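K.L.:
Just dropping this structure here.
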Amino acid sequence: MKWRFFFLGIAIGANGPIFAAAPKVDIGGIVKIDQVMFSEKSLPPEPENHFYNGAYLASAFLMIDVEYSPNLSFYTELDMDGGNLGLAYLELSEIVGSGSSLMLGAVPSPFCLEMSNSSKSLPFLYRSLATSAFAPCSGPGANFRLWGEHYVLNAAATQLGVGEDSSTQRDDPWGGSARFLIKPIANSEHLVHLGGSVSYQTQKDEISFKASEIKGRKIPALIGTSLDNDGGIENGKDYAVLGVEAAARFGSLQVESDYLLTQVRREGADKLSFSGWSAQGNYFITGEQRAYNIETGSFQGPMEILKPAVGAWQVALRASQINLNDLDIEGGRELNSSFAVNWYVNTYVRVTANLIHQQIWPFASAPQRTVDALGLRLQTVW
């Protein structure tokens, strides 16, 4: 359900002025409320390294989409919890013919399948370890996309702000990312999806990566090259991330996997290499299929709910791993296994239970920790 408004306006399109007597404005949103509980048999002596149970507002976004004409629109997201503006871009479609678009403004950075899938329809509470650590951020710039029945090509160039602190005496870093995929099989019942992605980011001084699959009132920083914001990899010059992805959908069953390799160049020191992967599958026991967005090459929620009286029920399994140790850097490594159950009550409401078994080998060669987490979520979208 969306609220739609009409007002007078004028816009400039790819082929000249476009006068719209009544541009259409769609206002939607998403709210996620989480409850997280942890269990660990052998607790470390330091209280700051404990995992604490708690409930919190995971996210609350307001999304506004203004359509000036069939070929020109504006989209923005507002974080209602933090008051920050997220994505905000002007999109021109059919810029070089059908199956093309150009976004200008604060644009998304195309990268890997799991990052491309919308957070509101992930089978788990959060994305996997490697994606959370290595995926590029969105930022001011341009994003160009081409797509067809059997392919998607998406590239973006952005500049990331480092804040307005006058003590920051350096240029804002810039970066770029690209994603390409092919779909050798694509029909209503079966889909096979293969692709790759690359991102590059300039960075002066410190470079940091952090990984986590769960959030809560207090999550100790155990895995990451920058912990508690105390700094990251010194003398960083730039870094690149390479990714490969594969996915398939066979009726109610959908599977996918991502592998990410990150290489960091440093001034006066050897290059670093970090890596991570995830493999997951999900199945609708009530017979639904996950929808597939042909324009972005990404999976969404169920196409429709077949049995409104009971809703749509989905089960999912995932394994993921990340290694942030190399040469003189000990960022730690982690191996997780997850099980999730999703109940789509209707098109607008979803309830999720996500159990995560975490095997953690923290930074600085600290002893291994085994932590079990149960996350519960109530989500509504409109």
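K.L.:
Please give the length that would be gained between I27 and D372 if that part of the chain were fully extended, namely 0.36 nm times their separation in residues minus their C-alpha to C-alpha distance (nm, one decimal). Walk me through the numbers on the way to the answer.
P.N.:
Working: separation 345, 0.36 × 345 = 124.20 nm, distance 3.82 nm.
Length gained, I27 through D372: 120.4 nm.
K.L.:
With runs of 4+ DSSP H residues as the only contributors, calculate the mean residue ellipticity of the chain at 222 nm using -39,500 (n - 2.57) per run, divided by the residue total and rounded to the nearest 500.
P.N.:
-500 deg cm²/dmol
K.L.:
Treat each spin label as a single point 7 Å out from the Cα along the C-beta direction, and report the A240 to Y348 distance in nm.
P.N.:
4.8
K.L.:
Restricting things to Cα coordinates, could you compute the convex hull volume per residue of region 3-381 in Å³?
P.N.:
Cα convex hull per residue, to the nearest whole number: 155 Å³.
K.L.:
Defining a contact as two alpha carbons under 8 Å apart and six or more residues distant in sequence, what relative contact order in percent does the chain show? Don't jump to the answer; show the numbers that get you there.
P.N.:
Working: 1070 pairs, mean separation 55.1, N = 382.
Normalised by residue count, the contact order of the chain is 14 percent.
K.L.:
Taking H as built 1.01 Å from N, whose amide H comes closer than 5 Å to the amide H of S208, not counting residues under 5 places away?
P.N.:
Here I233 satisfy the definition.
K.L.:
Of K41/K210; K183/K307; K24/K210, which ones are farther than 32 Å apart at the Cα?
P.N.:
Values: K41/K210 25 Å; K183/K307 30 Å; K24/K210 40 Å.
Result: K24/K210 exceed 32 Å.
K.L.:
Computed FRET efficiency, Cβ-Cβ of Y52 and A279, R0 30 Å: what is it to the nearest 0.05?
P.N.:
Computed FRET efficiency for Y52 and A279: 0.50.
K.L.:
In debye to the nearest 20, how big a dipole does region 225-382 give about its Cα centre with +1 on each Lys and Arg Cβ and -1 on each Asp and Glu Cβ?
P.N.:
About 620 debye.
K.L.:
Here's something else I'd like to know. Taking 0.36 nm per residue of sequence separation and subtracting the Cα-Cα distance, how much length would be gained by fully extending the chain between L327 and Q159, in nm to one decimal?
P.N.:
On the way: separation 168, 0.36 × 168 = 60.48 nm, distance 2.97 nm.
This chain segment gains 57.5 nm when fully extended.
K.L.:
Describe numerically, in nm with one decimal, the distance between label points set 7 Å from Cα along Cα→Cβ at N187 and at A291.
P.N.:
It is 2.3 nm.
K.L.:
Per residue, how much space in cubic angstrom lies within the convex hull of the C-alpha atoms of region 250-381?
P.N.:
Spread over its residues, the Cα hull of region 250-381 gives 139 Å³ apiece.
K.L.:
With each pseudo-label sitting 7 Å past Cα toward Cβ, what's the S118-H357 distance in nm, one decimal?
P.N.:
The answer from the label model is 3.3 nm.
Here, each number is a calculation from the coordinates, and none is a lab measurement. Quick caveat, the model's predicted, so the values are computed rather than measured. So basically every Cβ, Gly included, is an ideal-geometry build from the backbone, and we count neighbours across all protein chains shown.
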